[in-house]
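Below is one structure, written out as structure tokens; the observations come after it.
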Amino acid sequence: MLLKSLSILNYRNIEQADLLLSPKLNCFVGSNGVGKTNLLDAIYYLSFCRSAFSQTNQQVLRHGADWMVLQGIYLTADQEELNIHCGLRAGRRKSFKKNGKEYQKLAEHIGLIPLVMLSPQDAELILGGGDVRRRLMDMVISQYAPEYLHSLMRYNQALQQRNSLLKVDAPIDDALLTAYDEQMAAAGQVVYQYRQEFVASFVPLFSQVYAALGADGESVTLNYRSHCHDGDLLTMLRSHHEKDHIVGYTLKGIHRDDLEMQLGGYPLRYEGSQGQSKTFLTALKFAQYTYLKQRSGRSPLLLLDDIFDKLDDERVSRIVRLVASEDYGQIFITSTSNDVLRSVVAQTGKDYQFFNVKDGKYETR
């Protein structure tokens with residue numbers, strides 16, 4: 001999958017931008033806060049129907065604007081052109097269209113344009129709570145398994161209804177609570193099986209990529225933790241009615257799953273240096289790219305947001321040479337440093353495009 005051109009109106013600090021893109025390496029260079037990350041976020045939005053960084057639609061609108069438009073023209077491996085259009089007005093439901101036809105459900109779009117993004121915010125995968133790491137699994141699996149996304153949505157809906165019932169300061173309708181138990185257990189079992197299979201098949205690939213990035217001799221792994229390891233989810237939910245009512249929320253389920261990140265057999269958050277953590281996350285996302293490519297049969301877009309900060313020239317060169325290889329498709333890179341990046345990119349011999357970014361405007365260089 002390639003993004004041939006991108007048009008943006010009123011997205012974050014970008015008033016208007018129309019870009020023709022390289023099929024291989026696209027580099028966006030400029031100072032911090034000028035709009036480099038916002039452009040990558042617009043590309044992310046066209047894949048996932050949401051921002052990578054904002055929880056609400058209102059936050060992606062440019063200050064003073066009450067609407068925004070994103071449009072990407074993509075080219076598939078079969079040379080089929082796809083026109084993906086997103087429109088959003090303040091206070092209204094967003095509109096997503098493929099070749100002029102609007103989606104009835106946004107979930108139908110997920111997975112059409114596979115994408116992997118690596119950014120400084122990914123440090124939360126190590127330092128943050130389990131919800132961040134569950135989101136990583138959800139993001140990967142949903143792009144190749146529609147059944148997973150649908151089951152996850154059904155589970156979360158039943159969980160929300162069950163928690164609302166548990167908060168009632170009165171005797172609970174046990175029959176209704178049991179009905180929610182059954183809905184959660186059926187959908188949760190599907191989610192659990194997909195997550196278990198994903199981690200088992202992903203870890204060996206992740207370890208290989210970590211070693212390829214120059215971290216030989218260090219063992220890394222991901223340890224999937226779930227209540228479902230301990231037994232039948234429906235039985236657990238039914239046995240916790242009283243405890244759940246006391247605390248006012250559901251104590252057991254796949255919404256409490258976690259993905260422990262380990263270095264040398266110990267939790268990375270406690271044992272890893274800054275350099276080891278950065279290499280861990282880079283390997284994690286590059287392995288995610290290869291895994292998605294294998295599972296979906298399509299080359300994802302790869303977005304690398306300011307990942308070269310505090311890396312020496314040799315590590316920058318190694319990463320650029322890696323993503324410039326035939327194993328990777330179209331790449332989008334942001335950086336505050338022009339000279340080193342341009343030199344390394346030029347040496348790859350691949351097609352590339354450089355954009356100078358200033359105040360939400362993009363000029364080719």
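The values are calculated or read from the model by the stated rules, or taken from the named source; none is laboratory data. Bear in mind that the values here come from a model prediction, so they are computed numbers and not experimental data. So basically every Cβ, Gly included, is an ideal-geometry build from the backbone, and we count neighbours across all protein chains shown.
For segment 306-315, indicate whether the set of residues that are out of contact with any helix residue (DSSP H, G or I) (no Cβ under 6 Å at 6 or more places or on another chain), surrounded by fewer than 21 Cβ atoms within 10 Å (Cβ to Cβ), free of Cβ contacts under 8 Å to residues at least 40 places away in the same chain and under 20 Å from Phe48 (Cα atoms) is non-empty.
So far as segment 306-315 goes, no, none of its residues is out of contact with any helix residue (DSSP H, G or I) (no Cβ under 6 Å at 6 or more places or on another chain), surrounded by fewer than 21 Cβ atoms within 10 Å (Cβ to Cβ), free of Cβ contacts under 8 Å to residues at least 40 places away in the same chain and under 20 Å from Phe48 (Cα atoms).
Taking Ser296 as the residue in question, decide whether it is surrounded by fewer than 19 Cβ atoms within 10 Å (Cβ to Cβ), more than 22 Å from Leu136 (Cα to Cα) and hydroxyl-bearing (Ser, Thr, Tyr).
On the way: surrounded by fewer than 19 Cβ atoms within 10 Å (Cβ to Cβ): yes; more than 22 Å from Leu136 (Cα to Cα): no; hydroxyl-bearing (Ser, Thr, Tyr): yes.
No, not satisfied.
Being over 20 Å from Gly297 (Cα atoms) and not in a strand (DSSP E or B) is the filter here; which residues of segment 70-103 pass it?
Ala90, Gly91, Arg92, Arg93, Lys94, Asn99, Gly100, Tyr103
So that you can scan it fast, the table gives a plain yes or no per residue for (1) more than 16 Å from the chain's Cα centre (by Cα); (2) within 30 Å of Arg298 (Cα to Cα); (3) part of a helix (DSSP H, G or I):
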{"position": "Arg135", "(1), (2), (3)": "no, yes, yes"}
{"position": "Ser151", "(1), (2), (3)": "yes, yes, yes"}
{"position": "Asn156", "(1), (2), (3)": "yes, yes, yes"}
{"position": "Arg162", "(1), (2), (3)": "yes, no, yes"}
{"position": "Val168", "(1), (2), (3)": "yes, no, no"}
{"position": "Ala179", "(1), (2), (3)": "yes, no, yes"}
{"position": "Ala186", "(1), (2), (3)": "yes, no, yes"}
{"position": "Val191", "(1), (2), (3)": "yes, yes, yes"}
{"position": "Gln196", "(1), (2), (3)": "yes, yes, yes"}
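Among the residues of segment 59-69, is there at least one that is assigned to a loop (DSSP other than H, G, I, E, B), without any contact (Cβ under 8 Å) to a residue 12 or more places away in the chain and more than 20 Å from Gly87 (Cβ to Cβ)?
Looking through segment 59-69, none of the residues is assigned to a loop (DSSP other than H, G, I, E, B), without any contact (Cβ under 8 Å) to a residue 12 or more places away in the chain and more than 20 Å from Gly87 (Cβ to Cβ).
What number of residues in segment 312-331 are within 13 Å of Gln347 (Cβ to Cβ), at pLDDT 85 or above and of a type in the set (D, E, K, R)?
1
Please verify whether segment 224-245 includes one or more residues that are closer than 30 Å to Arg318 by Cβ, among the hydrophobic types (A, V, I, L, M, F, W, C) and either touching a helix residue (DSSP H, G or I) at 6+ places or on another chain (Cβ under 8 Å) or in a helix (DSSP H, G or I) (or both).
Within segment 224-245 (the criterion being closer than 30 Å to Arg318 by Cβ, among the hydrophobic types (A, V, I, L, M, F, W, C) and either touching a helix residue (DSSP H, G or I) at 6+ places or on another chain (Cβ under 8 Å) or in a helix (DSSP H, G or I) (or both)), the answer is no, since none of the residues qualifies.
I want to confirm something. Restricting to segment 246-298 and keeping residues that are among the acidic types (Asp, Glu) and assigned to a strand (DSSP E or B), which single residue is nearest to Leu127 (Cα to Cα)? Steps first, answer last, please.
Going residue by residue through segment 246-298, those that are among the acidic types (Asp, Glu) are 257-258, 260, 271.
Narrowing the set further to residues that are assigned to a strand (DSSP E or B) leaves 258, 260.
Values: Asp258: 13, Glu260: 11 Å.
Restricting to residues being among the acidic types (Asp, Glu) and assigned to a strand (DSSP E or B), the top hit is Glu260.
Cβ-Cβ below 9 Å, separation at least six or inter-chain, first residue in segment 271-300 and more than 23 Å from Val316 (Cβ to Cβ), second of a type in the set (Val, Ile, Thr): which pairs?
Cβ pairs passing all conditions: Tyr291/Val140; Leu292/Val116; Leu292/Val140; Arg295/Val140; Arg295/Ile141; Arg298/Thr76; Arg298/Ile113.
Tell me which strands (runs of 3 or more DSSP E) are completely within segment 1-51 and hold 3 or more residues being within 25 Å of Ser142 (Cβ to Cβ), or say none if there are none. Even if it seems obvious, please write down each step before you answer.
Working: elements: 2-11, 14-20, 25-29.
Answer list for segment 1-51: 2-11.
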